[in-house]
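Q: Before I ask anything, here is the structure I am working with.
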Amino acid sequence: MKVNRKKKVKAPLTVEQKIRRRTFISFGAFAALGAGAVTSWNWLLDAPEETPGITGGTRVPLRRALNKTELFFRNFFSNKHLVKTYPITDAAKTPRVNSLIGIEDDEDFDISNWKLKVKLNNQKNQYISIEEIKALPKTEIVYDFKCVEGWDEIQHWAGVKLSDFLAHFKLEETAQKHYMGLETPNGAYYVGLERESILHPQTLLAYEMNGKPISIDHGAPLRLIVPVKYGIKNLKRIGTMSFSNSRPKDYWAEQGYDYYSGL
Ligand SMILES: Nc1nc2c(c(=O)[nH]1)N[C@H]1C(S)=C(S)[C@@H](COP(=O)(O)O)O[C@H]1N2
Ligand SMILES: [Mo]
């Protein structure tokens, strides 16, 4: 027997039906997006925490993303890229003092006995006086110093280019390592820097600010000025310099700040 299948003809949707359908679709889409967001947030929270130490503890996937971003910026800003400079008249007359870790907490410090201690490859140390450093070619820079806390200031610094210093004291072989570590004499503040920033032509071991010897608060007798980095990496009152192929410890990275802290 033959069944006579009637073709179903759909009646055109009324306006109300159309609205209802669209509302349903958009509600569904938002619900799905929301669920997706919650799921990925949970995934991030459940993800293993990286071993705290060199960098502040964070979830592994987040760190992976941060490292990708860092790599992008490192490739983007090569060490030929120069930071913008300004005329000396633009420099702050009474520059701001920000923080004094490794300075105000060191009562034993005696500036007249200071020497820079450089840890060499063969476990020996080399000691360099401020007079030896001041005898090297002087380089000046006026640039916008930036702190991660949100302030910036045009400042005028002078000292020896770190690359000139390494060449003069025949430290290039030691400095072949990928990182440099710097510490205050009492070890309370410490930073790690990668080779590109160390050898950057604007990076200085500074001993003058506004044409005068650096004040104690700004890091006398010798501080790092690394214009391609935020203030946190610009260690004041350098005591020890060392080199390594793994990341040296870094005070603010341990607190969760970005290790690279580049601009
Ligand atoms: N020894 C030492 N160096 C340091 C700091 C510190 O607390 N101790 N603070 C850093 C931070 S966060 C900034 S912004 C700059 C501030 O430098 P200034 O005080 O000369 O402005 O120094 C950096 N170097
Ligand atoms: Mo800072």
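Since every read-out is calculated from the coordinates, none of them should be taken as a lab result. None of the values given here were measured: they were computed from a predicted structure. Heads up, the Cβs are rebuilt from the backbone with ideal geometry, glycines too, and the neighbour counts pull from every protein chain shown.
Q: Can you give the extra length, in nm with one decimal, that the chain gains between Ser99 and Phe24 once fully stretched, where that is 0.36 nm per residue apart less the Cα-Cα distance?
A: Here the segment from Ser99 to Phe24 would lengthen by 21.3 nm.
Q: List residues of segment 160-175, by number, whose backbone nitrogen lies under 15 Å from a label position 7 Å along Cα→C-beta of Asn121.
A: Under cut-off, by backbone N: 167, 170-175.
Q: If I take R0 = 25 Å and measure r between the Cβ atoms of Thr240 and Val60 in this structure, what FRET efficiency does the formula 1/(1 + (r/R0)^6) give, to the nearest 0.05?
A: Working: r = 32 Å, r/R0 = 1.28.
E between Thr240 and Val60, to the nearest 0.05, is 0.20.
Q: Moving to a separate point now. Could you sort the peptides 203-213, 172-182, 93-103 by per-residue average Cβ neighbour count (10 Å cutoff), highest mean leading?
A: 203-213, 172-182, 93-103
Q: Right, another one. Between Thr89 and Val38, what is 0.36 nm times their sequence separation minus the Cα-Cα distance? Round to one decimal in nm. All intermediate terms of the calculation are to be shown ahead of the outcome.
A: Details: separation 51, 0.36 × 51 = 18.36 nm, distance 5.35 nm.
Result for the pair: 13.0 nm of gain on full extension.
Q: Once the Cβ-Cβ distance between Glu16 and Asn67 is put in as r, and R0 is 51 Å, what FRET efficiency do you end up with, to the nearest 0.05? Intermediate results must be reported in sequence, preceding the final value.
A: Numbers: r = 53 Å, r/R0 = 1.05.
In this case the efficiency is close to 0.45.
Q: Express in nm, to one decimal, how much length is gained between Lys134 and Ile216 on full extension, taking 0.36 nm for each residue of separation and deducting their alpha carbon distance.
A: On the way: separation 82, 0.36 × 82 = 29.52 nm, distance 1.73 nm.
Extending this stretch completely gives an extra 27.8 nm.
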